[in-house]
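Encoded as structure tokens, the structure appears first; notes follow it.
The values are calculated or read from the model by the stated rules, or taken from the named source; none is laboratory data. Predicted, not measured: the structure shown is a model, and the values here were computed from it. For neighbour counting, all protein chains shown are included, and Cβ atoms are generated from backbone atoms with ideal geometry for every residue, glycine included.
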There are 2 protein chains.
Amino acid sequence: MIEEFKPRTAGARMTARFLAVPPGFTVRGLKDLLYEKAGEFETIDYVYVTDEGELVGVASLKEVFQAEDDMPIRQVMRGQVIEVGASAHQERAAYLALKHGLRAIPVVDCNRVLLGVIPHAALLEIFHQESAEDALKAIGIHHKPREIEDIKTTGLRLIKARLPSLLLGLVGGTLVAYLIGGFEIILKSYIALAAFLPVIVYLSDAVGTQSQTLVVRMIALEPEFSVRRYLWREAKVGLALGAACALAVFPVAWFIQGTVIFACVVSASLFISVILQSLVSTYASILLHDLHFDPGTVSGPVTTIISDLTTILIYFAIAVVLLKIV
Amino acid sequence: MIEEFKPRTAGARMTARFLAVPPGFTVRGLKDLLYEKAGEFETIDYVYVTDEGELVGVASLKEVFQAEDDMPIRQVMRGQVIEVGASAHQERAAYLALKHGLRAIPVVDCNRVLLGVIPHAALLEIFHQESAEDALKAIGIHHKPREIEDIKTTGLRLIKARLPSLLLGLVGGTLVAYLIGGFEIILKSYIALAAFLPVIVYLSDAVGTQSQTLVVRMIALEPEFSVRRYLWREAKVGLALGAACALAVFPVAWFIQGTVIFACVVSASLFISVILQSLVSTYASILLHDLHFDPGTVSGPVTTIISDLTTILIYFAIAVVLLKIV
């Protein structure tokens, strides 16, 4: 049964060696079962109560120990069970366990039939796996963390893991270089435009990365969040961040290049780029998730290239208009 | 006792409500204790065996259930106990539990006296807390994840959290702009130098971030790793990455600007910057850790600024020498 589930779903991480009894089972019977067969179960943190397969209750081992021997488990169990669907993402199961302080979490199908239990060790492993992979993905490495993080891993292996995203970044960078080269006349008349290019590109990227990281974490923590409300908040935040950066850079740009109109070019570009990147990164991440892509995998050099190209185009477009070049 | 320990140490996360018995205690006595007082303990995953305070063994609940009633616990327990020192970082405790598949981990002082136990829920919480904070730190947010990741958090709160690192980046960026502005003559004669600036800055940053992330994770996973060996491997990796990037950019730079000597400037700068950033980021992170700073907190805009400034200086220095400008 377990083999049917896709990797990284709750169903793929569950064990079938758990303890389940019908509602009429007595505490004494349960204790006897524990003594005789404790070794056969992978998880004995909780006793699950099922009625013709359906999950109807749960009791912790502590609660069983404290109950009278002749009580039926129905009287000991809690009827409100925190459970997870078999096709849910494994991260969801780990977050539910964390949120409710559970040692193990039951996995059910769409009819609430108990299929298995994700034991404690798997929950820890899921958290570790997901966070380690996210950390590596953020630096462009899409390999198993265990292999990359081993001190004995050879230099050659690490080069193979680190190089692809750098080369992709290089391709994007030369595209950017080619684009900038096309604005040679503008750059020659205003060399300060070249000087401010890196800061505008850096800030747009930084804001986009912030927005993406925050929305990806929101998706994992609260899969049911309101996209409309989230985007509305992000729009307000992006507007404020853009305005603050534009205001801060204005006097500096004025001082360095010496004209108000140049300072306006830098400020306006920064303002528009920051708002755009915050909204685009957020919405693109939500869209990728809805299409069942992992936003972390697709981002990195690719998002950087797209973000850099649009930022540079905005910058030069505003420069051409305001500085009345060409 | 628990209040004495610094935050984020193993000692600060332990509970004193655990189960410990002397080696001569019988299995029957233990079972009785469990029935009577199960509710008083915060963790009953394991029974710890102490001899005049010193931790000498451990037995899981399963092992106790399967043993004969009149056996002393000495015969049931395992003598090899995985434990953690009270002053160790909490992340260390979580990694040990993960590595050895433990549900709880005992905390000892330097004389192996058992002080407490970190229960299951705390282990999950540590993993979550550390990974969530790392993810936020990477985007320049140094606040409690719970506050930032709440869907109800106001836009104003998020602006306050996101703005400081952006403004710091802006300060660094204008420094960079000021520096580039100083090379106006060089830039005017070779406008392609301006076009390749963003790609060189981006790649050096990317390599530095890779190196830093990898060494910070190594420090957390294997606190006893050999720094000399690690740096030697990193030097080889940096050399190879620098060489590969330099080779890849050479034909493109040649094609875009049209002269071999210009392509040499771009390639040589990239080669030197990549090697330098990989080694400097790695060594700086190790140094910060040794000085009890969290490398994640200090990095971000500050490292970016330093890395960008050195990269640009290397680039223009090589340009001046090879292109025989001035």
**OP:** Would you mind stating whether A:A97 is surrounded by 22 or more Cβ atoms within 10 Å (Cβ to Cβ) and more than 10 Å from every other protein chain (Cβ to nearest Cβ)?
**Re:** no
Subject >> Verdict on A:Y202 being in a helix (DSSP H, G or I), at the interface with another protein chain (Cβ under 9 Å from one of its Cβ atoms) and either surrounded by 24 or more Cβ atoms within 10 Å (Cβ to Cβ) or touching a strand residue (DSSP E or B) at 6+ places or on another chain (Cβ under 6 Å) (or both) >> reply: yes
Original post:
Given the structure, is B:V265 buried (at least 23 other Cβ atoms within 10 Å of the Cβ), at pLDDT 95 or above, under 29 Å from A:I151 (Cβ atoms) and assigned by TED's automatic domain parsing to the domain that holds B:I200?
Top reply: no
Original post:
Filter the range B:163-192 for residues that are surrounded by 19 or more Cβ atoms within 10 Å (Cβ to Cβ) and under 16 Å from A:Q257 (Cα atoms); which is farthest from the chain's Cα centre (by Cα)?
Top reply: B:L187
Subject >> Any hit, the range A:129-152, residues being in contact with a Lys or Arg (Cβ under 6 Å, 6 or more places away or on another chain), more than 7 Å from every other protein chain (Cβ to nearest Cβ) and either buried (at least 20 other Cβ atoms within 10 Å of the Cβ) or closer than 30 Å to B:E42 by Cα (or both) >> reply: no
Original post:
Within the range B:227-240, is even one residue modelled with pLDDT of 90 or more and buried (at least 24 other Cβ atoms within 10 Å of the Cβ)?
Top reply: yes
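Select, from A:L175, A:L170, A:L231, the only residue that is facing chain B (nearest Cβ under 7 Å) and aliphatic (A, V, I, L, M). Working first, answer last.
Values: A:L175 fails: facing chain B (nearest Cβ under 7 Å); A:L231 fails: facing chain B (nearest Cβ under 7 Å).
Matching residue, one of A:L175, A:L170, A:L231: A:L170.
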Original post:
Of all residues in the range A:86-116, which are under 18 Å from A:S131 (Cβ atoms) and not in a helix (DSSP H, G or I)?
Top reply: A:H89
Original post:
Checking A:I275 against (1) surrounded by 19 or more Cβ atoms within 10 Å (Cβ to Cβ); (2) within 25 Å of the chain's Cα centre (by Cα); (3) touching a residue at least 60 places away in the same chain (Cβ under 8 Å), which single condition isn't satisfied?
Top reply: (3)
Original post:
Filter the range A:17-48 for residues that are part of a loop (DSSP other than H, G, I, E, B) and modelled with pLDDT under 90; which is surrounded by the fewest Cβ atoms within 10 Å (Cβ to Cβ)?
Top reply: A:E42
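Anything in the range A:1-16 that is among the polar types (S, T, N, Q) and surrounded by 19 or more Cβ atoms within 10 Å (Cβ to Cβ)? List them, or say none. Lay out the reasoning, then the answer.
Step one: of the range A:1-16, the residues among the polar types (S, T, N, Q) are A:9, A:15.
Listed by number, the list holds a single entry, A:T9.
For the structure I just gave you, tell me whether A:G155 is surrounded by fewer than 20 Cβ atoms within 10 Å (Cβ to Cβ) and not assigned by TED's automatic domain parsing to the domain that holds A:Y315. Steps first, please.
Working: surrounded by fewer than 20 Cβ atoms within 10 Å (Cβ to Cβ): yes; not assigned by TED's automatic domain parsing to the domain that holds A:Y315: yes.
Spelling it out, A:G155 is indeed surrounded by fewer than 20 Cβ atoms within 10 Å (Cβ to Cβ) and not assigned by TED's automatic domain parsing to the domain that holds A:Y315.
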Original post:
Taking the stated definitions as given, is A:R112 more than 9 Å from chain B (Cβ to nearest Cβ), out of contact with any His (no Cβ under 8 Å at 6 or more places or on another chain) and modelled with pLDDT under 90?
Top reply: no
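Every residue, every condition in (1) farther than 28 Å from A:Y95 by Cα; (2) more than 12 Å from chain B (Cβ to nearest Cβ); (3) of a type outside the set (K, R), yes or no:
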| residue | (1), (2), (3) |
| --- | --- |
| A:K31 | yes, no, no |
| A:A38 | no, no, yes |
| A:T50 | no, yes, yes |
| A:L61 | no, no, yes |
**OP:** Could you pull out the residue among B:I141, B:I180 that is outside any helix (DSSP H, G or I) and touching a helix residue (DSSP H, G or I) at 6+ places or on another chain (Cβ under 8 Å)?
**Re:** B:I141
**OP:** Mind listing whichever residues of the range B:49-67 are modelled with pLDDT under 90 and either more than 16 Å from A:L34 (Cβ to Cβ) or among the acidic types (D, E) (or both)?
**Re:** B:E63
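Results for (1) within 32 Å of the chain's Cα centre (by Cα); (2) in the same structural domain as B:D294 (by TED's automatic domain parsing); (3) more than 30 Å from A:D69 (Cα to Cα); (4) not aromatic (F, W, Y), shown as yes or no for each residue.
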residue: B:D32; (1), (2), (3), (4): no, no, no, yes
residue: B:K37; (1), (2), (3), (4): no, no, no, yes
residue: B:L55; (1), (2), (3), (4): yes, no, yes, yes
residue: B:K62; (1), (2), (3), (4): no, no, no, yes
residue: B:A93; (1), (2), (3), (4): yes, no, yes, yes
residue: B:K99; (1), (2), (3), (4): yes, no, yes, yes
residue: B:L115; (1), (2), (3), (4): yes, no, yes, yes
residue: B:P119; (1), (2), (3), (4): yes, no, no, yes
